[in-house]
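The values are calculated or read from the model by the stated rules, or taken from the named source; none is laboratory data. This one's a predicted model, so the numbers in the text were calculated from it and none came from an experiment. Positions of Cβ are generated from backbone atoms using ideal geometry, with glycine treated the same way; all protein chains shown enter the neighbour counts.
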Amino acid sequence: MILRALIARGTAALDQGGIPNAARDARLLAAHVCVIDPSRVTLHEMDEVSEAAIARFDDAITQRLNHRPVSRIIGVRQFWGRNFQVTDDVLDPRGDTETLIAEALQTPAKRILDLGTGSGILGITLAAEQVDAVVVLTDISKAALLVAKTNAKRHDVEDRIEFIESDWFDSLHGKFDLIISNPPYIGKNELEGLEPDVIDYDPIIALTPGEDGLAPYRIIARQAQNYLQENGRVIVEIGHLQGKDVKNLFLQAGFSGVQILQDLESKDRVIVAKHSV
């Protein structure tokens, strides 16, 4: 079977199974099993595909029909133009999170703290974009930190990154120019409404802190100023309905210049706050 026919077969199966973006997903999965750069699939459409690769492709299509995300099937998620390893131990990064990176790069920081780093996409991206930045990545999960270490090595920034197992600020010391976080923020009563791609595959600890979903923001707002340099900033991702509540938490904690930023879909996505002594 040639590659073009294989992709067409996979697309039809995904379409029939109600999977959105079926053609895109089939193409990515075919590129993965055939070890081809996705951008070069068209050049290989007439190539014969081995029986072993066809079997791997069929298995990948079955996984996708069970709502396993493509990034988890192939083990890679692209973020800010770079590929990051993702495993079952970390949140699958979303494109909306790039809103945080765009804001962080507006004011370069030399010492950065990434709280609850997961796969490390935030801190590692900022380290890669700012060659003089030193970054501390923290997570309560040892398994997540191992993934972050792998990603730091992949992007050749591990010599400027410190990895700390910590429950938020518990094991930290020193001060930072920037604190960033994409914490778990989904409320307990919202879990049932999540897509199977999310609720069935993302670690529950990375999705929700329980109750109203605001507990991590209360901790960060209450403690972050102890770890910020004068005029240092906090930038956190939020749920699109949490803007007002999270903004008030930072205002009540004494932060200045608190802003709500929107993502490309014009949804509230990021809070920015400044520490003024």
Worksheet item: Hey, does the range 231-238 have a residue that's closer than 26 Å to ASP88 by Cα and out of contact with any helix residue (DSSP H, G or I) (no Cβ under 9 Å at 6 or more places or on another chain)?
Response: no
Worksheet, complete the sentence: The one condition SER39 fails out of (1) part of a helix (DSSP H, G or I); (2) at pLDDT 95 or above is (2)
Fill in: Among the residues listed as LEU100, LEU43, LEU105, the single one being in contact (Cβ under 8 Å) with a residue 40 or more places away in the chain and either among the aliphatic types (A, V, I, L, M) or touching a Pro at 6+ places or on another chain (Cβ under 7 Å) (or both)
LEU100
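Determine if the range 71-92 includes at least one residue that is of a type in the set (D, E, K, R), over 20 Å from ALA148 (Cα atoms) and out of contact with any Asp or Glu (no Cβ under 6 Å at 6 or more places or on another chain).
Start the filter on the range 71-92 by keeping residues that are of a type in the set (D, E, K, R), which leaves 72, 77, 82, 88-89, 92.
In the following step, the residues that additionally are over 20 Å from ALA148 (Cα atoms) were identified as none.
Within the range 71-92, none of the residues are of a type in the set (D, E, K, R), over 20 Å from ALA148 (Cα atoms) and out of contact with any Asp or Glu (no Cβ under 6 Å at 6 or more places or on another chain).
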Worksheet item: Which of the residues belonging to the range 158-168 are in contact with a strand residue (DSSP E or B) (Cβ under 8 Å, 6 or more places away or on another chain) and under 23 Å from THR107 (Cα atoms)?
Response: ARG160, ILE161, GLU162
Practice prompt. Return a yes/no flag: does the range 138-159 have any residue that is out of contact with any helix residue (DSSP H, G or I) (no Cβ under 7 Å at 6 or more places or on another chain) and under 21 Å from ILE271 (Cα atoms).
Written response: yes
Discussion item. Residues to consider are THR99, THR62, THR11, THR87; find the one that is modelled with pLDDT of 95 or more, in a loop (DSSP other than H, G, I, E, B) and hydroxyl-bearing (Ser, Thr, Tyr).
Written reply: THR87
Discussion item. With the structure loaded, tell me whether PRO209 is closer than 30 Å to PRO20 by Cα and surrounded by 19 or more Cβ atoms within 10 Å (Cβ to Cβ) or whether it fails that test.
Written reply: yes
Discussion item. Of all residues being of a type in the set (Phe, Trp, Tyr) and touching a Lys or Arg at 6+ places or on another chain (Cβ under 7 Å) in the range 171-217, which is nearest to PRO108 (Cα to Cα)? Just the residue, please.
Written reply: PHE176
Worksheet item: Which residue, of GLN242, GLN252, GLN229, GLN223, is in contact (Cβ under 8 Å) with a residue 24 or more places away in the chain and crowded, with 19+ Cβ neighbours inside 10 Å?
Response: GLN242
Worksheet entry | Single residue of the range 219-277 satisfying the filter (of a type in the set (Val, Ile, Thr) and in a helix (DSSP H, G or I)) that is farthest from ASP114 (Cα to Cα) | VAL246
Item to complete: Would you tally the residues in the range 157-189 being closer than 19 Å to GLY243 by Cα, of a type outside the set (A, V, I, L, M, F, W, C) and crowded, with 16+ Cβ neighbours inside 10 Å?
Response: 6
